[in-house]
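S.K.: Below you will find the structure I want to go over with you.
The values are calculated or read from the model by the stated rules, or taken from the named source; none is laboratory data. For clarity, every value in this text was computed on a predicted model and none was experimentally measured. Don't worry about glycine lacking a Cβ; one is built from the backbone with ideal geometry, like all the others, and counts go over all protein chains shown.
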Amino acid sequence: MRYLPHTPEEVSAMLSAVGADNLDELFAHIPEVCRRNTPLGLPEPLSEWELDRHMDGLSGTTAIQPEYMVFMGAGSYDHLIPEVIKQLLQRGEIYTAYTPYQAEVSQGTLQIIYEYQTLVSRLLGLDVANASMYDGASALAEALLMAMRVTKRSKVAVSRAIHPLYRRVVQTYLEPAGFEIVELDYNTQGRTDLSALDDSENLAAVAVQSPNFFGCVEDMAAMEKAIHADAKTMLVATFTEPLAFGLYQSPGDLGADIACGEGQSLGLPRSFGGPGLGLFACRQAHIRNMPGRLAGQTVDLDGKRGFVLTLATREQHIRRGKATSNICTNQGLCATAAAMFMATLGGTGFRRLARINYDNAEYLKGELKKNGIAIAFETPTFNEFVIRLGEGSKRIYRQLMAKKIIAGLPLDKYYTELEDHYLICVTETSTKADLDILVKEVTA
Amino acid sequence: MMPTIGTSGLIFNEPLLWEMGAKGRTAFSLPAEDVPRAPVNEGLCGVGPDFPDLCEPDIVRHYTRLSQWNIGVDSGMYPLGSCTMKYNPKTNERQAGLPGIAAAHPLLPADHCQGLLGLIYKLERLLAQITGLDEVTLQPAAGSQGELTGMMIFNAYHLASGNRRTKVLIPDTAHGTNPASASLCGFKPVAVPSNDQGILDARIVADLMDEDTAGIMVTNPNTLGLFEDNINAVADAVHAKGGLVYCDGANFNAVMGIVDLAACGVDVLHLNLHKTFSTPHGGGGPGAGPVCVTRDLAPFLPVPRVVKENNRYEWSESFPHSVGKLHAFYGNFGILVRAYSYILSMGDHLKSASQFAVLNANYIKEGLKAVFHLPYDRPCMHECVFTDKYQREYKVSTLDMAKRLMDYGFHPPTIHFPLVVSGAIMIEPTESESKQTLDGFVSAMQQIAREAETEPDRLHHAPHFPKLKRLDETRAARKPLLGG
């Protein structure tokens with residue numbers, strides 16, 4: 001086997017050095033009852049080339065561009081990824097290293113994390129970002145747990161316009177420990193309805209997503225005022241599409257105490273939903289309650305600038321049962337890709353790319369409307385919006401599928417009241433010609 | 001003494017991203033804007049993030065230079081204990097990058113991603129076969145999230161039988177994530193002391209076990225590199241009071257094809273695909289932490305689950321007792337692809353991998369036990385744990401020796417863990433290292449032990465070859481500077 005260096009001669013030399021007659025003897029101390037009596041019985045090993053064929057076969061069954069046109073976002077977005085990022089990520093010194101506990105031989109990873117933290121905090125408009133969480137959903141759950149630690153309260157309010165799968169993760173994380181979750185409905189504008197807040201006291205946090213699951217930009221200014229009417233309650237702003245902050249105001253600028261969400265849009269392929277990247281940022285005052293790793297600047301013995309992991313007293317390997325989170329391994333390489341992506345675009349490019357997404361989506365929205373398709377919510381959006389296809393929509397959706405067009409995500413599975421509603425996403429990867437085809441086929 | 005592989009060479013200084021570049025540069029090939037500009041609600045708009053503008057060569061040199069300040073498994077032996085830094089096969093990267101995998105949207109209708117659902121289904125079966133347990137979820141994104149899933153399964157199981165239990169037993173040798181995961185799920189962690197052999201004593205466990213205790217979390221092999229020989233008696237004691245046994249499988253690389261975890265009395269097990277199953281560690285993830293359970297606990301696994309009917313795969317949410325969802329979609333799928341590729345490439349050679357991993361660790365143990373204090377002199381599994389007891393006499397610590405090892409061209413082992421061993425040096429070579437490399441490592445460690453006696457200051461000031469000297473961690477924590 002090409003991954004294993006041991007020759008029979010070396011094995012016998014090593015066995016005699018450790019005083020064993022054969023390999024089985026190394027395991028002789030394991031109680032008989034624990035042992036496996038039969039071979040593993042796995043399939044015969046594949047050669048490199050057989051594996052390629054097998055995997056090509058599995059991969060070949062997926063509906064992807066350019067054969068298909070996939071107008072689906074909902075937390076997983078199709079964006080251009082420069083070849084530079086793909087190739088730099090394959091540098092073995094980066095992707096085969098681990099957690100940079102030994103700073104002197106990990107300065108590459110540490111500077112990358114420090115730069116990532118900086119770019120993310122600038123993107124989200126908050127003081128400090130951590131080194132990453134698993135994904136947007138668990139980042140939101142951890143943000144709510146953090147808010148409960150900070151405020152010493154045990155109830156949170158969560159908008160129904162937050163990604164439904166994120167809300168399920170929040171429920172899974174919060175329920176066993178007995179925390180209470182209040183849901184806030186959305187209104188006819190596709191925005192969160194805050195009136196339910198009047199009945200809720202002692203909230204640790206209110207979580208809202210903007211742009212929300214329907215693609216609608218929330219009225220964050222009004223919300224911030226209402227939520228901070230109780231000075232202790234924290235505003236947790238979540239998102240699935242951070243590229244929107246190239247056009248719209250950042251969560252921090254809008255008064256969020258914690259911003260958290262998915263970073264897949266920043267240079268990561270969709271990869272069937274993972275690995276993505278949980279972005280997480282907060283205000284300086286709360287950093288000691290923050291979950292996750294942090295890289296910080298320091299100096300070496302000669303006074304030269306360098307970086308180390310820091311504030312570890314919050315973390316599980318020091319604080320154990322009293323840590324701010326159990327997270328250890330996070331999404332390091334994904335954070336690296338995101339940093340590369342933000343650096344590749346630069347501030348100027350980030351704004352332009354955001355604008356292209358907006359313009360493409362607005363063009364599609366306008367054309368659909370012109371052709372009699374109802375837009376469900378008349379609220380500003382970024383690169384996603386909800387259409388209502390009316391009766392027979394399921395048949396239309398299936399017909400389009402047969403023509404290799406996936407016309408968004410059907411919403412009835414997630415919101416029973418939104419039958420015949422579809423969440424459409426369009427990014428910079430679609431050309432005007434693609435959008436015209438979609439309009440023609442939907443209205444045919 | 002053997003010639004060492006560590007040496008010094010020319011590397012480059014490199015500023016921070018925002019200390020370089022010039023306004024107006026770009027490294028991104030933006031697509032043409034072929035639709036009209038749309039009006040926008042100015043009241044909602046911001047000014048965009050303050051990122052530096054760079055061009056493509058700037059980016060390439062920046063990250064190439066930074067990479068050269070790192071050591072990875074591709075550079076050399078990386079014997080970080082309990083992390084299983086084995087070789088990461090290159091072909092696995094090819095597979096994860098295939099268009100039908102990398103470009104797959106997670107919410108595609110099942111008929112449009114049968115190969116991917118099939119991969120999930122088959123990988124679950126393979127992991128069940130390798131561990132001896134019955135059912136598997138691949139959703140947890142890392143080992144800690146696997147632990148949390150396991151604790152949620154404990155909680156759901158006890159609630160389903162009508163009682164809420166409040167405590168979980170955790171040995172003092174456990175990784176810190178164990179008590180943190182138990183706490184996150186609302187349990188109070190109760191520490192179990194290990195015995196003078198470095199393993200659990202079933203009588204101590206039986207004394208601590210009561211009907212308020214949901215079960216125990218055992219790392220097996222444990223963090224001292226020792227097999228928990230009393231695991232069955234421990235499991236019996238826990239089961240006798242209605243509790244469950246969780247096994248932290250971080251060290252599963254020692255026992256593939258050798259131990260049957262179900263036969264050990266384990267009810268729930270997590271694996272780290274980035275350790276045992278060769279997926280890259282990525283400088284701190286992404287990993288994957290699948291959880292394997294007995295048939296009785298399968299109803300509690302996270303949803304959705306892939307089911308197979310009439311040779312067709314489909315997602316199913318029909319598991320009313322499920323703990324819920326841990327990840328927005330299905331976990332770190334790209335990592336699952338790499339682990340699946342590894343298992344298909346290895347087949348029953350996985351057992352050889354475990355045998356050689358254990359042989360390598362014992363070989364190092366024998367090679368070094370004359371010069372370093374070995375707190376538990378027993379046959380070890382995949383790793384061996386020494387201490388700095390002999391070197392402390394010369395005022396040389398574990399940290400000094402770890403830093404000096406860098407000069408010899410090796411990544412240091414895990415140090416100061418497990419906490420029950422003062423000045424611990426935890427060495428896990430993995431099966432990827434050849435006898436020749438191990439001889440070089442042993443020789444370097446022996447040389448360091450000699451230096452501790454003859455020139456301790458050389459160690460106090462180590463490392464000497466890396467780009468930076470020893471870094472001031474205290475200063476970083478006292479005045480945190482976490483972004484520029």
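S.K.: Return the only residue of B:Leu336, B:Leu326 being crowded, with 24+ Cβ neighbours inside 10 Å, not in a helix (DSSP H, G or I) and not small (Gly, Ala, Ser). First the steps, then the outcome.
M.R.: Values: B:Leu336 fails: not in a helix (DSSP H, G or I).
When all the criteria are applied, what remains is B:Leu326.
S.K.: Could you list all residues from the stretch A:169-183 that are hydrophobic (A, V, I, L, M, F, W, C), under 12 Å from B:Leu184 (Cβ atoms) and more than 7 Å from chain B (Cβ to nearest Cβ)? Even if it seems obvious, please write down each step before you answer.
M.R.: Within the stretch A:169-183, the first condition is being hydrophobic (A, V, I, L, M, F, W, C), and the residues that meet it are A:169-170, A:174, A:177, A:179, A:181-182.
If we keep only those that are under 12 Å from B:Leu184 (Cβ atoms) too, we end up with A:174, A:177, A:179.
Result: A:Leu174, A:Phe179.
S.K.: Here is a follow-up. Across the stretch A:424-439, which residue is farthest from A:Phe214 (Cα to Cα) among those that are touching a helix residue (DSSP H, G or I) at 6+ places or on another chain (Cβ under 8 Å) and hydroxyl-bearing (Ser, Thr, Tyr)?
M.R.: Applying the filter and picking the extreme gives A:Ser430.
S.K.: Going through the stretch B:462-484 one residue at a time, which ones are within 7 Å of chain A (Cβ to nearest Cβ) and part of a loop (DSSP other than H, G, I, E, B)? Before the answer, list the steps.
M.R.: First, the residues of the stretch B:462-484 that are within 7 Å of chain A (Cβ to nearest Cβ): B:463, B:466-473, B:475-477, B:480-484.
Those that are within 7 Å of chain A (Cβ to nearest Cβ) and part of a loop (DSSP other than H, G, I, E, B): B:Pro463, B:Pro466, B:Lys467, B:Leu468, B:Lys469, B:Arg470, B:Asp472, B:Pro480, B:Leu481, B:Leu482, B:Gly483, B:Gly484.
S.K.: Can you name the number of the only condition in (1) farther than 30 Å from A:Ser132 by Cα; (2) at the interface with chain A (Cβ under 10 Å from one of its Cβ atoms) that B:Gly285 fails?
M.R.: Single failed check for B:Gly285: (1).
S.K.: Given the condition within 12 Å of chain A (Cβ to nearest Cβ), touching a residue at least 60 places away in the same chain (Cβ under 8 Å), over 19 Å from B:Val420 (Cβ atoms) and not in a helix (DSSP H, G or I), answer yes or no: does some residue in the stretch B:223-245 qualify?
M.R.: Among the residues of the stretch B:223-245, not one is within 12 Å of chain A (Cβ to nearest Cβ), touching a residue at least 60 places away in the same chain (Cβ under 8 Å), over 19 Å from B:Val420 (Cβ atoms) and not in a helix (DSSP H, G or I), which makes the answer no.
S.K.: Are any residues in the stretch A:417-444 at pLDDT 95 or above, under 17 Å from A:Ile373 (Cα atoms) and in a loop (DSSP other than H, G, I, E, B), and if so, which ones?
M.R.: If the condition is that a residue be at pLDDT 95 or above, under 17 Å from A:Ile373 (Cα atoms) and in a loop (DSSP other than H, G, I, E, B), then A:Glu419, A:Asp420, A:Val426 are the ones that fit.
S.K.: Would you say B:Lys369 is crowded, with 24+ Cβ neighbours inside 10 Å, within 13 Å of chain A (Cβ to nearest Cβ), farther than 30 Å from A:Asp52 by Cβ and basic (Lys, Arg)?
M.R.: Details: crowded, with 24+ Cβ neighbours inside 10 Å: no; within 13 Å of chain A (Cβ to nearest Cβ): yes; farther than 30 Å from A:Asp52 by Cβ: yes; basic (Lys, Arg): yes.
Judged against the criteria, B:Lys369 is not a match.
S.K.: Same structure, new question: Quick one: in the stretch A:400-427, of everything that is more than 14 Å from every other protein chain (Cβ to nearest Cβ) and not charged (D, E, K, R), which residue is surrounded by the fewest Cβ atoms within 10 Å (Cβ to Cβ)? Steps first, please.
M.R.: Filtering the stretch A:400-427 for residues more than 14 Å from every other protein chain (Cβ to nearest Cβ) gives A:415-421.
Going one step further and asking which of them are not charged (D, E, K, R), we end up with A:415-416, A:418, A:421.
Working: A:Tyr415: 16, A:Thr416: 8, A:Leu418: 17, A:His421: 22.
Top of the filtered list is A:Thr416.
S.K.: Just to be sure before I move on: is A:Val11 in contact with a Leu (Cβ under 8 Å, 6 or more places away or on another chain) and either surrounded by 17 or more Cβ atoms within 10 Å (Cβ to Cβ) or modelled with pLDDT of 95 or more (or both) in the structure I sent? So that I can check it myself, show each step before the final result.
M.R.: Details: in contact with a Leu (Cβ under 8 Å, 6 or more places away or on another chain): yes; either surrounded by 17 or more Cβ atoms within 10 Å (Cβ to Cβ) or modelled with pLDDT of 95 or more (or both): yes.
Here the answer is yes, as A:Val11 does meet what is asked.
S.K.: Additional query: Would you confirm whether or not the stretch A:296-317 contains a residue that is more than 9 Å from every other protein chain (Cβ to nearest Cβ), in contact with an Asp or Glu (Cβ under 7 Å, 6 or more places away or on another chain), crowded, with 24+ Cβ neighbours inside 10 Å and not in a loop (DSSP other than H, G, I, E, B)? Working first, answer last.
M.R.: Applying the first criterion (more than 9 Å from every other protein chain (Cβ to nearest Cβ)) to the stretch A:296-317 yields A:303, A:314.
Now narrow it down to the ones that are in contact with an Asp or Glu (Cβ under 7 Å, 6 or more places away or on another chain): none.
No, the conditions are met nowhere in the stretch A:296-317.
S.K.: Of the residues B:Leu17, B:Leu30, B:Leu10, which is buried (at least 16 other Cβ atoms within 10 Å of the Cβ) and not basic (Lys, Arg)? Walk me through it before giving the result.
M.R.: Numbers: B:Leu30 fails: buried (at least 16 other Cβ atoms within 10 Å of the Cβ); B:Leu10 fails: buried (at least 16 other Cβ atoms within 10 Å of the Cβ).
Answer to the check: B:Leu17.
S.K.: Write out, first by first residue and then by second, each pair whose Cβ atoms fall under 7 Å of each other, whose residues are 6+ apart or on separate chains, and whose first residue, in the stretch A:398-409, is farther than 16 Å from A:Thr62 by Cβ while the second is at pLDDT 95 or above and of a type in the set (Ser, Thr, Tyr).
M.R.: So the pair list comes out as A:Ala407/A:Tyr397; A:Ala407/A:Tyr422; A:Gly408/A:Tyr422; A:Leu409/A:Tyr422.
S.K.: If a residue has to be within 11 Å of chain A (Cβ to nearest Cβ) and not in a loop (DSSP other than H, G, I, E, B) to count, how many in the stretch B:168-197 make the cut?
M.R.: The number of residues fulfilling the criteria is 14.
S.K.: Just the residues that are more than 7 Å from every other protein chain (Cβ to nearest Cβ) and either under 16 Å from B:Ser354 (Cα atoms) or in contact with a helix residue (DSSP H, G or I) (Cβ under 6 Å, 6 or more places away or on another chain) (or both), please, taken from the stretch A:16-26.
M.R.: Of the stretch A:16-26, the ones more than 7 Å from every other protein chain (Cβ to nearest Cβ) are A:16, A:19-22, A:24-25.
Across the stretch A:16-26, the qualifying residues are A:Ala20, A:Asn22, A:Asp24, A:Glu25.
S.K.: Right, here's the next one. Scan the stretch A:87-98 and give yes if some residue there is closer than 30 Å to B:His349 by Cβ and at pLDDT below 95, otherwise no.
M.R.: Taking the stretch A:87-98 as the starting set, the residues that turn out to be closer than 30 Å to B:His349 by Cβ are A:89-98.
Subset that is at pLDDT below 95: A:98.
The answer is yes, given that some residue of the stretch A:87-98 is closer than 30 Å to B:His349 by Cβ and at pLDDT below 95.
S.K.: Exactly one of these conditions fails for A:Val169: (1) more than 19 Å from A:Gly255 (Cβ to Cβ); (2) buried (at least 24 other Cβ atoms within 10 Å of the Cβ); (3) touching a residue at least 40 places away in the same chain (Cβ under 8 Å); (4) in contact with a His (Cβ under 8 Å, 6 or more places away or on another chain). Give me its number.
M.R.: So the condition that A:Val169 fails would be (3).
S.K.: Cβ contacts < 9 Å: first residue more than 7 Å from every other protein chain (Cβ to nearest Cβ) and more than 22 Å from A:Asp434 (Cβ to Cβ), restricted to the stretch B:22-51; second residue in a loop (DSSP other than H, G, I, E, B) and at pLDDT 95 or above, any location; separation 6+ or different chain. Result?
M.R.: These pairs meet every condition: B:Ala22/B:Pro52; B:Ala22/B:Asp53; B:Ala22/B:Leu54; B:Ala22/B:Cys55; B:Lys23/B:Pro52; B:Lys23/B:Asp53; B:Val47/A:Gln249; B:Val47/A:Asp253.
S.K.: Moving on to the next point. Check whether at least one residue in the stretch B:78-90 is at pLDDT below 95 and of a type in the set (S, T, N, Q), and report yes or no.
M.R.: yes
S.K.: A further question on this structure: Restrict the check to the stretch B:410-429 and report whether at least one residue is of a type in the set (D, E, K, R) and either at pLDDT below 95 or touching a Leu at 6+ places or on another chain (Cβ under 8 Å) (or both).
M.R.: So in the stretch B:410-429, the residues of a type in the set (D, E, K, R) come out as B:428.
Restricting the remaining residues to those that are either at pLDDT below 95 or touching a Leu at 6+ places or on another chain (Cβ under 8 Å) (or both) gives B:428.
The answer is yes, given that some residue of the stretch B:410-429 is of a type in the set (D, E, K, R) and either at pLDDT below 95 or touching a Leu at 6+ places or on another chain (Cβ under 8 Å) (or both).
S.K.: Would you check if A:Ala338 is aliphatic (A, V, I, L, M), part of a helix (DSSP H, G or I) and either in contact with a helix residue (DSSP H, G or I) (Cβ under 8 Å, 6 or more places away or on another chain) or on the phi > 0 side of the Ramachandran plot (or both)?
M.R.: Numbers: aliphatic (A, V, I, L, M): yes; part of a helix (DSSP H, G or I): yes; either in contact with a helix residue (DSSP H, G or I) (Cβ under 8 Å, 6 or more places away or on another chain) or on the phi > 0 side of the Ramachandran plot (or both): yes.
Answer is yes for this residue.
S.K.: With respect to B:Glu433, determine if the residue is crowded, with 21+ Cβ neighbours inside 10 Å, touching a Cys at 6+ places or on another chain (Cβ under 8 Å) and within 30 Å of B:Arg94 (Cβ to Cβ).
M.R.: Numbers: crowded, with 21+ Cβ neighbours inside 10 Å: yes; touching a Cys at 6+ places or on another chain (Cβ under 8 Å): no; within 30 Å of B:Arg94 (Cβ to Cβ): yes.
So B:Glu433 fails the test.
S.K.: Sticking with this structure for a sec: Among the residues of the stretch A:189-197, is any touching a residue at least 24 places away in the same chain (Cβ under 8 Å), buried (at least 21 other Cβ atoms within 10 Å of the Cβ) and more than 28 Å from A:Ile375 (Cα to Cα)?
M.R.: Checked against the condition, which is being touching a residue at least 24 places away in the same chain (Cβ under 8 Å), buried (at least 21 other Cβ atoms within 10 Å of the Cβ) and more than 28 Å from A:Ile375 (Cα to Cα), the stretch A:189-197 yields no hits at all.
S.K.: Here is a further query. For the stretch B:145-200, which positions are surrounded by fewer than 18 Cβ atoms within 10 Å (Cβ to Cβ) and over 25 Å from the mean Cα position of the chain (by Cα)?
M.R.: Within the stretch B:145-200, B:Leu159, B:Ala160, B:Ser161, B:Gly162, B:Asn163, B:Arg164, B:Thr166, B:Asn195, B:Asp196, B:Gln197 qualify.
S.K.: Given the conditions (1) within 24 Å of B:Tyr330 (Cβ to Cβ); (2) more than 7 Å from every other protein chain (Cβ to nearest Cβ); (3) not in a helix (DSSP H, G or I), report the number of the one that A:Pro43 does not fulfil.
M.R.: The number of the failed condition is (2).
S.K.: Let me ask something else about it. In the stretch A:354-396, which residues are in a helix (DSSP H, G or I), more than 10 Å from every other protein chain (Cβ to nearest Cβ) and more than 28 Å from A:Met342 (Cβ to Cβ)? I'd like the intermediate steps shown before the answer.
M.R.: Here is the first cut: in the stretch A:354-396, the ones in a helix (DSSP H, G or I) are A:354-370, A:393-396.
From what is left, the residues that are more than 10 Å from every other protein chain (Cβ to nearest Cβ) are A:357, A:368-370, A:393-396.
Hits for the stretch A:354-396 are A:Leu368, A:Lys369, A:Lys370, A:Ser393, A:Lys394, A:Arg395, A:Ile396.
S.K.: Could I ask something else about it? What number goes with the only condition from (1) at pLDDT 95 or above; (2) farther than 28 Å from A:Leu80 by Cα that A:Gly261 does not pass?
M.R.: Status for A:Gly261: all satisfied but (2).
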